[in-house]
Amino acid sequence: MHAFRRTGDEVEARFEDIEVSVLVNLTEQLRLLIEGVADGGAHGDSAAGRLFPDAYTDDDEAAAEFRRFTVGDIAEGKKADADAVLATLREHGAVPVRMGSETVVRMGRDRALRWMRSLTDLRLSLDSRIAEPTDELVAELTEDDMESLRGMYDWLTFVQGTLIEALEELDAR
């Protein structure tokens, strides 16, 4: 990946095919997790807990009541952010993924902010899998697999960091 940078009134980055594939796959998984939470599922899932933390940690009843009134709107916002990532990649011809290709994506400030929020959600959910793996995940993944997850987390951090820097340049204009 070539880091995000400001170009005129937009920000842009170049992604390789494998990077697009990883970003699409993770974003689609994130979207499924968000939908599961919105539909009342994913109880006890550490990633869901990071994306939708309890408002009241010392009062289960108040936390449940708060969640009942807010989870739908929060989930809709998170899904819209994830959809913006997928739409950007589609609009720039990156999806479906073509092996051996690179894609330059360009976006304005509003879309870039959606990317930033979605990258935050991706990092939170991935970090929860690394820091608090389920028994099933531990049984399925090797240490090399866990190292790959850590590598994806680091890459998402790089993507988000360069996007923040490019937006700061854009805002300074």
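List of remarks:
- Tally of residues being open to solvent by 50 Å² or more (accessible area, probe 1.4 Å) and either assigned to a helix (DSSP H, G or I) or at pLDDT below 95 (or both) across segment 100-123: 9
- Check on R31, within 30 Å of G93 (Cβ to Cβ) and either open to solvent by less than 70 Å² (accessible area, probe 1.4 Å) or hydroxyl-bearing (S, T, Y) (or both): yes
- Selection of first residues in segment 129-149 that are assigned to a helix (DSSP H, G or I) and of second residues that are open to solvent by 60 Å² or more (accessible area, probe 1.4 Å) and of a type in the set (D, E, K, R), restricted to Cβ pairs under 8 Å at least 6 apart or on distinct chains, gives the following pairs, ordered by first then second residue: I130/R150; L137/R129; L149/R129.
- Those residues of segment 71-108 which are in contact with a Lys or Arg (Cβ under 6 Å, 6 or more places away or on another chain), more than 28 Å from G41 (Cβ to Cβ) and of a type outside the set (A, V, I, L, M), in sequence order: E102
- Conditions (1) of a type in the set (A, V, I, L, M, F, W, C); (2) over 30 Å from R6 (Cβ atoms); (3) surrounded by 12 or more Cβ atoms within 10 Å (Cβ to Cβ); number of the one not met by V138: (3)
- Within segment 96-125, residues that are under 21 Å from G49 (Cα atoms) sit with their Cβ atoms under 6 Å from residues that are open to solvent by less than 80 Å² (accessible area, probe 1.4 Å) and polar (S, T, N, Q), at 6+ positions apart or across chains, in these pairs: L119/Q160.
- Verdict on L141 being under 19 Å from T27 (Cα atoms) and modelled with pLDDT under 95: no
- For segment 67-90, a tally of residues being closer than 24 Å to R5 by Cα, touching a residue at least 12 places away in the same chain (Cβ under 8 Å) and either open to solvent by 70 Å² or more (accessible area, probe 1.4 Å) or charged (D, E, K, R) (or both) returns 2.
- Residue-level check: of (1) of a type in the set (D, E); (2) over 19 Å from R31 (Cα atoms); (3) within 13 Å of the chain's Cα centre (by Cα), D81 misses just (2).
- Identity of the residue in segment 34-57, among the hydrophobic types (A, V, I, L, M, F, W, C) and open to solvent by 30 Å² or more (accessible area, probe 1.4 Å), that ends up farthest from the chain's Cα centre (by Cα): A55
- Filtering S128, S148 for residues that are open to solvent by less than 80 Å² (accessible area, probe 1.4 Å) and touching a Gly at 6+ places or on another chain (Cβ under 8 Å) leaves a single hit, S128.
- Close pairs (6 angstrom Cβ cut-off, 6 or more residues apart or separate chains): free of Cβ contacts under 8 Å to residues at least 24 places away in the same chain in segment 30-42, assigned to a helix (DSSP H, G or I) and open to solvent by 20 Å² or more (accessible area, probe 1.4 Å) anywhere: A42/G36
The values are calculated or read from the model by the stated rules, or taken from the named source; none is laboratory data. Note that the coordinates shown come from a computational prediction; the quantities given were computed from them, not determined experimentally. Positions of Cβ are generated from backbone atoms using ideal geometry, with glycine treated the same way; all protein chains shown enter the neighbour counts. Just the protein is used for accessible areas: all its heavy atoms, side chains included, with ligands, DNA and RNA removed. Shrake-Rupley method; radii C 1.70, N 1.55, O 1.52, S 1.80 Å.
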